[in-house]
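S.K.: For reference, the structure I am asking about is given below.
Please treat every number below as a calculation from the coordinates, not as lab data. These figures come from a predicted structure and were not determined experimentally. Note that each Cβ is placed from the backbone with ideal geometry, even for glycine, and that neighbours are counted across all protein chains shown.
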Amino acid sequence: MSEIAPGQTLDVTGKACPIPVVKTAKAMKEMSSGDVLEVLATDPGVDPDMHAWSKQTGNELISIEQNAGVFRVLLRKS
C-alpha cells in the first residue's frame with residue numbers, strides 16, 4: 001500500500017472529547033473534495049468518535065493508527 005500524503009495536519013494532542021471531532025469537522029469544511037486530513041490526537045475516544053463522525057458525515061475514514069499513545073487518523077473529504 002502506498003503512503004497517503006495528507007494535505008493538512010491537525011494536532012489536537014492533549015485535547016479531550018469533543019474537541020478533536022469539533023476541530024476535525026471545522027478543518028474538513030475548509031478542505032476540497034478528495035483532500036486528506038491527518039489528525040493527531042491522544043484522547044482514546046478519538047477512535048470510536050472518528051468512526052461515528054465519518055459514518056455520519058459521509059467522509060472516508062482511511063485509517064487510524066496508534067503509536068506511543070498518539071492516534072494518527074487519516075480522513076478523506078467526500
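S.K.: Let me have the 222 nm mean residue ellipticity of the chain computed from DSSP H runs of 4+ only, each contributing -39500 (n - 2.57), with the sum over all residues rounded to the nearest 500.
M.R.: Numbers: 2 runs with 23 residues, N = 78.
Computed mean residue ellipticity for the chain: -9000 deg cm²/dmol.
S.K.: Once label points are set 7 Å from the Cα along Cα→Cβ at both residue 70 and residue 17, what is their separation, rounded to one decimal in nm?
M.R.: 2.3
S.K.: Give me the net charge for the shell around residue 10: Cβ to Cβ below 15 angstrom, other residues only, Lys and Arg +1, Asp and Glu -1.
M.R.: Computed value for this residue: +1.
S.K.: Can you list the lysines whose alpha carbon sits under 22 Å from that of residue 77, skipping same-chain ones fewer than 8 residues off?
M.R.: 23, 26, 29, 55
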